[in-house]
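Written out below as structure tokens is the structure these notes cover.
The values are calculated or read from the model by the stated rules, or taken from the named source; none is laboratory data. These figures come from a predicted structure and were not determined experimentally. Because the Cβ atoms are built from the backbone with ideal geometry, glycine has one as well, and the counts that use them run over all protein chains shown. Surface areas here come from the heavy atoms of the whole protein model, side chains and all, with no ligands, DNA or RNA. Shrake-Rupley method; radii C 1.70, N 1.55, O 1.52, S 1.80 Å.
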Amino acid sequence: MGLQISKDLIQEGYVVVSMSRNKGRGESVAKELGRNYKFIPGDVTGQGDINKAYEQIKSQFGQLHVLINNAGIITAGGIEELATDDWEKMIDVNLNAPYKLTKKMLPLLKAGEGVNRSILNISSISSKISGSSIGYSTCKAGIDMMTRSLAKELAQYGIRVNSVNPGLVDTGFQVTNDVVSEKEYGQFLEQAAKPYPLGVGRVEDVSNLVMFLVSEKARWITGSNYVIDGGRLVN
């Protein structure tokens, strides 16, 4: 999903700065997307790495127009199955990291006064309905409230804050997080798609909504949690 969003942002004329722990993947994407994609190896949960990213953006650009909090992990299980360590890891990546990044990057967003600026949090419909992980659902519910709170606070600077709440999207997220194996993934998608009237989503579906929300066309939209789920919540 992050890759598709990056491609579409570049297509719209943005320079994208991305941070990830996966150095090999990040460098590969940088080669693929060219000079308007800048990769910074780092961990979004680490304040030191966040500070490093801030200094690089400040030094090279002096301002930031869009912040997209997209990193996420999931470990399945309810309170009887989910280990406390896994709960804390999800809270750290899915909730603490967006807060830390937003807090650190805020001066750069404020520096872009006069330009359309926004923060976009990638949430989930798991914030609305209980899914396979109590930890993941709790994090995403927290992201939704943080989105609304930030929207109220940052409106004075002209900074908009919204979230996108996807349903099931074919990204391989469940495989990379060891929820299902690669062999099981096809069957998982088939079974999980049944409550979705329009079927499983594609990364392009989510990215199209993101492009709208960061654009001038959405200049009067802030504090909203945008569900994009192929009808899952109405079924």
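Observations on the structure shown:
- With semi-axes defined as the square roots of five times the eigenvalues of the C-alpha gyration tensor, the equivalent ellipsoid of the range 91-144 measures 28, 12, 5 Å, largest first.
- Accessible surface, the range 1-113, averaged per residue in Å² (probe 1.4 Å): 55
- Cα-based helix-to-principal-axis angle, 23-33 vs the chain, degrees rounded to 10: 70
- Apportionment of accessible area to carbon and sulfur, the chain, percent (1.4 Å): 49
- Choice from Leu198, Leu106, Leu64 showing the highest fluctuation, given a GNM over the chain with Cα pairs closer than 10 Å: Leu198
- Loop-located trypsin sites (Lys or Arg not before Pro) in the range 140-172 (DSSP state other than H, G, I, E, B) with a sparse environment of at most 10 neighbouring Cβ atoms within 10 Å are absent.
- Taking each DSSP H run with n ≥ 4 as -39500 (n - 2.57) and averaging over every residue of the chain yields -14000 deg cm²/dmol at 222 nm.
- Full extension of the segment from Phe212 to Ile79, taken as 0.36 nm per residue of separation minus the current Cα-Cα distance, would add 44.1 nm.
- Proportion of all alpha-carbon pairs of the range 87-235 beyond 20 Å (%): 52
- Degrees, to the nearest 10: 134-154 long Cα axis against longest axis of the chain: 30
- Spin-label model, Arg219/Asp170: points 7 Å from Cα along the beta carbon direction are separated by 3.8 nm.
- Computed E for Gln60/Asn177 - FRET, C-beta separation, R0 41 angstrom, nearest 0.05: 0.80
- Residues of the range 3-32 with amide N under 20 Å of a point placed 7 Å along Cα→Cβ from Val115: 5-19
- On Cα atoms only, tilt of 2-11 relative to the major axis of the chain in degrees: 40
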